[in-house]
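Taking it in order: structure first as structure tokens, then the write-up.
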Amino acid sequence: MKSDKVDVFAYAERRERRKNSLRKSFSVTTFLGPYTASFLLFFVFPLVLGVIMSFSKFTAQSFLPSSVGTLDNYKILFSDTAIARDFRNSIWTTIKFSLAIVPLSILIPLGLALLINLKPPGYKFFRAAIYVPGIFPLTATGLILMRMFDSHYGFVNSVFDLTVDWFGSTGACWFMIGFFCVWCGIGGNFIILCAGLENVDKTLFEAADVDGCSAWKKFLHVTLPGIKPQLFLTLFTTLIGYMNVYGQIYILASNNPDLSSMKSAVYRIQDLLTGFNPRAFGYAAAMGIVLGVIIIFIAVIQLVVSKDKKGGGKRVAQFKQWKENV
Amino acid sequence: MKKLLALVLCVLFAMTAMLVTACEGEQTPAVTPPEGEGDIVRDADGNVVYDNVEIKMWSVTTGDDANTQDDIIARFNETYKGMIKVNVEHYSRYDLETLLSSTIQFDKEKAPDILFNHGSRTAEYFDRGWLREVDYFFGKSGATFDKPDFVPSLLESVVIDGKAYGMPIDCHSAIMCVRSDILEKNGLSMPTNYAELCAVCDQAAALAAANNLWIRGENSDGYKSDEWRKASTAQPYTAFPISFGDMWVHEFVGYSAMVQNGGEIVASDGMPAWNSAATANGIQVLKNWIFPTATSQNKSAMSIDYGSSYDVGDAPFNKGECIFKLQGPWAWQKEKQTFDLLLSKDGGSANITTRSLTFMFATDTSKPCASKIKGEGHAITLLSTVTSYTKACAATVFMDYMANFSGIEWAKRGHLPAARSVSAANEYLSDPAYNEYVKYWGEPKDYVVVAPTKYYSYVDSYFKSAVQKSLAGSYKDRNVADILKSEYDDCIDYINLYA
Amino acid sequence: MNNETKTMMTKKEADAFLKRNGNRLVDDTLTSFVSLQKVNKVYPNGVHAVYDFDLEIDKHEFVALVGPSGCGKSTTLRMIAGLEDISSGRLYIDKAFSNYLQSKDRDIAMVFQSYALYPQMSVFDNIAFGLKIRKLPKDEIEHRVFKAADILDLGDYLDRKPKELSGGQMQRVALGRAIVRQANLFLMDEPLSNLDAKLRVQMRSEIMRIHKEVGATTIYVTHDQTEAMTMADVIVVMNKGFIQQAGRAIDVYDHPDNLFVATFIGSPPMNIVDANYKDNKLTFADGSVVALDDGFDEVYRAFIAERIAELDAQMANFDELTDEAVAKMRAAQVFRKEEKKPVEMKKKENFFKKLFGKFTKKRASGEKDDERVKLLEEMKRLKENYLAIALGGAVKVGVRPEHVTIGDEGEGTFNARSTLVELLGSECIVHFDLFGTDFQVKTQQNASSMADKVCSLTFEKGKIHVFDADSGLVIRR
């Protein structure tokens, strides 16, 4: 019979260790628990389900798929049907839009943050005033904007004696959408960049002064590198945010005759889902996954480009050579 | 820790996959055709006994319409007290379908029993397995469904494969509001068709150009609102504003222009049929409205290019800067109130009148289709969530009542009765409101709605998009026929996706 | 331009004069490289950080500004660098008037306390940055940087970023950055205070070596008097915005001008004991008497007389003193008495008070009047005190720990019990309880034998410093 005796010391040690690790993990689970649960429930689960849905076929009758494990949805997206063409155009439109808006969304807040950083009189008021537009609901502001810029009864056209159809012609409509996005969106980036600017070491500016830098050079060599982490954060989140643009276009371009060329990727997905008819679920899921992959791709490129490069050994080698020559 | 997380994720994935594949192929069982008496109890005379049967109805009417409907339903409940009670909930049409979809899938107990909705959705709802046929239950309950009495187009929308899935109740469309005081003052006659409309508008424009057109209304020139003044010569006078951003144009005028000129909306297989020369002619009528050509009926523009603005007729109509405008019939009371105030010293609301859109876009009034008005109809449909035959019978009693007994009240809100006998009844014709305005809104038989098709959303949205593009200034140089064709091609593509 | 007539000329002549020197005011009569004349710094909130700073620094000199925290040394350095505005007074760098000259045009190089290295650049780029900005040719930059790296032994670190360097290496990079500029004036703001003790000593000698090699004029700010003593040619001791004493290190050590300098310079600090002076003799609390040199009484009386004469002169011209002068004198007095200096914060004036203040001038001047009254009172009190002690009175006596001999009980002047013995290895410091205060003596005798014993203490003749209790000034010829 195998002996069931245990060494008291080893046993006690095991017990104590287990108790200790339970105690330590208790606080972790209590604090992380709710978040992990929500994360799994609202992010991981829908993501997995979405991937599965994109490989399934649906009919109008039921919310559950009629067959799983088919590549048809993706095949359709890469074919030459209207749905594929519309989707590809919308992705291209979204990318163009993002490329145009994202720089504005970062440079304008950066400029404002630099100005506020000089702390002129009343700067606290302006700081709040710049952030406030972002907290208004999208639909309400969009409707107000549409009334304000209405080509016949709008306030803007009558005061400035213009006849521009702000929402009817495509170019003007894009301008309005861009204006709307920037007006609402600069608040967030502005706050982040403001905070970043305050954390730049002041003595670096003095050192730059003594080294002989002009204001522009100081900006280039001290300010910008100092806020690099904040800049990358804002670039990252703004880009992803605008790749998902939907609300602004939905409201402002609703009356545009060329609406189908202005629809963004998410807009197309939404179109398929109106009325909650299950038969579109497969295609919508596939579109969503494709869009997600494209965004991840762009984000990865950005991460790779912005990585801190290691020094290398160029200068050391040069120095050794110089030493020999001397 | 990492390993644990990976394990959890794998388990989650596996669970989801299992769940989904396990349910693979499971669908909502097809509605079995009814047979037998089910749970119907009959009394000594063979009539169905209703013992406090409660029916839940979801209605797409909101606002003032909803109030009127509530009154009508209250009368029904009073009449059938102790037997049948109808509880109604109102939802806007933008929310209704989504709500219905999620409720039927996930929350069947809260699903309604009947639906008061636009008849043109019937085919799509049937396609999703939500509806139940009503003929059988009309037979059981004894309530009448006199199909020939109903306007054919409206009836057609609720009949699929020869079986009826609901009863049409009413129809409506956009109407015209007319400044009869301006017509009278300037010696212009009330137009009754497209040619006359163009003539009147051209005349008005010519008079205005010669500084001879009298108008009155709100103004910022210092005149009192009931004082006659000359229309300004600074810009051309456009008597009938429309715009591609306008809801009336989307929903009713575009279609009406098409059907009055011979176009068809839906083919017999449910596919769109609006890609035709006739439709192009109809749309061209609207395009000429804003951009007249050498060959158009109207020589001067009847509306300026309002672009994407909407409700473009409201302000000019009150100012006297136009003579006609589009409006919804339910807003007619409000229009009267506005003019009662505006021209209170000189007749008030007697200075305006209303007409329907019949003949207003037809280039050839001799054709039978020239009088058609494209509208929208309401119908009450029975949902497949109803399992009790008694309840289904009670629903048919209610449908009968709504179609036949709510006549003039409902018509005053702009919803003309679908049953022809109702609009011919004495009660209906002798109501003062009928003579005042209801009669001008046309005969229900002239109203057409979109024939049943399960591709309704595509047929509808691509046509609307084509109309929009055709009227837009930025697409002025493109041929209407080209625009129709490209929209049609895209529409077909999308439909084929689900074939 | 000391002669009045020389500075007065017509505008035209003045323009021509300035033009000759490239539109800069150049004073050729100056012999020093850096000249500060009555430089003051007053902050916008009213705090007066530096009072009447006068200093002449010759080329190639190593000057240390030393003093406790908040004494104004960093402020002075930053004024020389151009990072702070000069409120009043004149600054001449290389004979040119430089009050309003931009930092980059002053031909200076600065080493900061926090190193201020650009975090995103490599060591090479950090050092080369100033040269790159000035658009020097690439070869020249490389040559200079490599040379500096050689001197500072940074050759292997040229590619690293600052976050990969240790404290000492970072400091050397900062030094390198200053060296390559080949500037004529080096300014160092407490560069070693962030390093550990051993490294500090090491870097100290590095800096001195570099100073010898490069030979630039250096102004070095520190709060560590040992650093100042070991590194500098000239020490300037500051406290509460005033210069206490400026001179060669050994002079400041051996002949401190006042109590503050005496106790600040030297580690362990000079011992200060109360005593009563009369007729060349000092009498202490326990009755012990120490005799001073014969000529001392003359010196004493002359000192008192001088003080009284000074006070008389000031009181006579009292009404003509400007508010500023009054404030300065008050500040000087206050610090002498080691009182807390009242922070002259401008009270946040009520908006309405400001608006209507124009009509109520009386209120504003009320505060200033207070100051004058206090000052006058103080002066009168001092004069009375001095008159009282004209022939002898209470004084403070100072003697350095190494100038005291320890003997057995009864052998020397004083008897005191030892309380603590600190072992330094080569010598030890014995703490005694003398007249209730802590008295430290440095000795090379065996430490263990000193513990908790009553010993006798004798002051070395000629190394006794006598200070006036009121003003803190040393009583000396």
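The values are calculated or read from the model by the stated rules, or taken from the named source; none is laboratory data. Model, not experiment: these values are computed from the prediction. Every residue, glycine among them, receives a Cβ derived from its backbone with ideal geometry; neighbour counts consider all protein chains shown.
Within segment C:120-149, residues that are within 9 Å of another protein chain (Cβ to nearest Cβ) sit with their Cβ atoms under 8 Å from residues that are buried (at least 24 other Cβ atoms within 10 Å of the Cβ) and acidic (Asp, Glu), at 6+ positions apart or across chains, in these pairs: C:Phe129/A:Asp211; C:Gly130/A:Asp211; C:Ile133/A:Asp211. Looking only at residues in segment C:241-269 that are among the hydroxyl-bearing types (Ser, Thr, Tyr) and assigned to a helix (DSSP H, G or I), the one that is nearest to C:Arg476 (Cα to Cα) is C:Tyr253. Each residue in segment B:236-274 was checked for being free of Cβ contacts under 8 Å to residues at least 40 places away in the same chain and not charged (D, E, K, R), and 4 pass. Can you say whether C:Leu25 is in contact (Cβ under 8 Å) with a residue 40 or more places away in the chain, surrounded by fewer than 20 Cβ atoms within 10 Å (Cβ to Cβ) and among the hydrophobic types (A, V, I, L, M, F, W, C), as far as the supplied structure shows? Yes; evaluated as a whole, the condition is true for this residue. None of C:Ile210, C:Ile219 is part of a helix (DSSP H, G or I), of a type outside the set (Lys, Arg) and in contact with a helix residue (DSSP H, G or I) (Cβ under 7 Å, 6 or more places away or on another chain) except C:Ile210. Filtering B:Ser470, B:Ser465, B:Ser423 for residues that are within 13 Å of chain A (Cβ to nearest Cβ), buried (at least 17 other Cβ atoms within 10 Å of the Cβ) and without any contact (Cβ under 8 Å) to a residue 40 or more places away in the chain leaves a single hit, B:Ser465.
Looking only at residues that are out of contact with any strand residue (DSSP E or B) (no Cβ under 9 Å at 6 or more places or on another chain) and at negative phi in segment B:160-182, which one is surrounded by the fewest Cβ atoms within 10 Å (Cβ to Cβ)? Result: B:Lys163. Put simply, of A:Lys5, A:Lys96, A:Lys19 the only residue that is exposed (fewer than 11 other Cβ atoms within 10 Å of the Cβ), free of Cβ contacts under 8 Å to residues at least 40 places away in the same chain, part of a helix (DSSP H, G or I) and of a type in the set (D, E, K, R) is A:Lys19.
Return the residue satisfying two criteria in turn: it lies in segment C:100-155 and is among the small types (Gly, Ala, Ser) and more than 30 Å from the chain's Cα centre (by Cα), and of such residues it is surrounded by the fewest Cβ atoms within 10 Å (Cβ to Cβ).
C:Gly155
Counting just the residues of segment B:27-64 that are within 17 Å of B:Glu409 (Cα to Cα) and touching a Ser or Thr at 6+ places or on another chain (Cβ under 9 Å), which one comes out surrounded by the most Cβ atoms within 10 Å (Cβ to Cβ)? If we take residues in segment B:27-64 being within 17 Å of B:Glu409 (Cα to Cα) and touching a Ser or Thr at 6+ places or on another chain (Cβ under 9 Å), then B:Thr61 is surrounded by the most Cβ atoms within 10 Å (Cβ to Cβ). Looking at the structure I just gave you, is B:Tyr401 in contact (Cβ under 8 Å) with a residue 60 or more places away in the chain, within 16 Å of B:Pro272 (Cβ to Cβ) and crowded, with 17+ Cβ neighbours inside 10 Å? It is false that B:Tyr401 is in contact (Cβ under 8 Å) with a residue 60 or more places away in the chain, within 16 Å of B:Pro272 (Cβ to Cβ) and crowded, with 17+ Cβ neighbours inside 10 Å.
Condition check ((1) more than 21 Å from C:Phe435 (Cβ to Cβ); (2) outside the structural domain of C:Asp279 (by TED's automatic domain parsing); (3) touching a Cys at 6+ places or on another chain (Cβ under 9 Å)) across all residues:
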site	(1), (2), (3)
C:Leu376	yes, yes, no
C:His403	no, no, no
C:Glu411	no, no, yes
C:Ser418	no, no, yes
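In segment C:86-99, the residue that is farthest from C:Leu30 (Cα to Cα) out of those that are surrounded by fewer than 20 Cβ atoms within 10 Å (Cβ to Cβ) and either in contact (Cβ under 8 Å) with a residue 24 or more places away in the chain or within 11 Å of chain A (Cβ to nearest Cβ) (or both) is C:Ser87.
Would you confirm, using the coordinates I've provided, whether B:Gly187 is closer than 30 Å to B:Asn404 by Cβ and surrounded by fewer than 16 Cβ atoms within 10 Å (Cβ to Cβ)?
When the stated conditions are applied, B:Gly187 does not pass them.
Kindly indicate whether A:Phe39 is within 11 Å of chain B (Cβ to nearest Cβ) and either basic (Lys, Arg) or out of contact with any Asp or Glu (no Cβ under 6 Å at 6 or more places or on another chain) (or both). Answer is yes for this residue. Restricting the search to strands (runs of 3 or more DSSP E) fully inside segment B:70-174 and requiring at least 1 residues that are within 14 Å of chain A (Cβ to nearest Cβ), at pLDDT 90 or above and within 25 Å of the chain's Cα centre (by Cα) gives B:114-118.
Residues being part of a strand (DSSP E or B), modelled with pLDDT under 90 and under 18 Å from the mean Cα position of the chain (by Cα) are represented in segment C:225-240 by at least one member. Among the residues examined, C:Thr226 qualifies as β-branched (Val, Ile, Thr), surrounded by fewer than 20 Cβ atoms within 10 Å (Cβ to Cβ), within 25 Å of C:Gln113 (Cα to Cα) and not assigned by TED's automatic domain parsing to the domain that holds C:Lys442. For segment A:278-319: of the residues being at the interface with chain C (Cβ under 10 Å from one of its Cβ atoms) and surrounded by 15 or more Cβ atoms within 10 Å (Cβ to Cβ), which is nearest to A:Asn244 (Cα to Cα)? Out of the qualifying residues, it is A:Gly311. Filtered by the rule that a residue be crowded, with 18+ Cβ neighbours inside 10 Å and either within 11 Å of chain B (Cβ to nearest Cβ) or not β-branched (Val, Ile, Thr) (or both), segment A:82-93 gives A:Ala82, A:Ile83, A:Ala84, A:Asp86, A:Phe87, A:Ser90. In segment A:284-326, of all residues being among the basic types (Lys, Arg) and within 28 Å of A:Pro229 (Cβ to Cβ), the one that is nearest to the chain's Cα centre (by Cα) corresponds to A:Lys307. Counting only residues that are in contact with a strand residue (DSSP E or B) (Cβ under 7 Å, 6 or more places away or on another chain) and over 30 Å from B:Asp446 (Cα atoms), segment B:377-392 holds 4 of them. Looking across segment A:258-271, the residues that are among the hydrophobic types (A, V, I, L, M, F, W, C) and surrounded by fewer than 21 Cβ atoms within 10 Å (Cβ to Cβ) come down to A:Leu259, A:Met262, A:Val266. Would it be correct to say that B:Thr385 is polar (S, T, N, Q) and either without any contact (Cβ under 8 Å) to a residue 24 or more places away in the chain or not in a helix (DSSP H, G or I) (or both)? Answer is yes for this residue. Residue count for segment A:212-221 under the criterion of being at the interface with chain C (Cβ under 7 Å from one of its Cβ atoms) and modelled with pLDDT of 90 or more: the result is 2.
Considering each of C:Lys453, C:Lys442, C:Lys461 in turn, give the residue that is within 30 Å of C:Glu306 (Cα to Cα) and among the basic types (Lys, Arg). Answer to the selection: C:Lys461.
When the criteria are applied in full, C:Leu18 fails the requirement of being crowded, with 16+ Cβ neighbours inside 10 Å and not in a strand (DSSP E or B).
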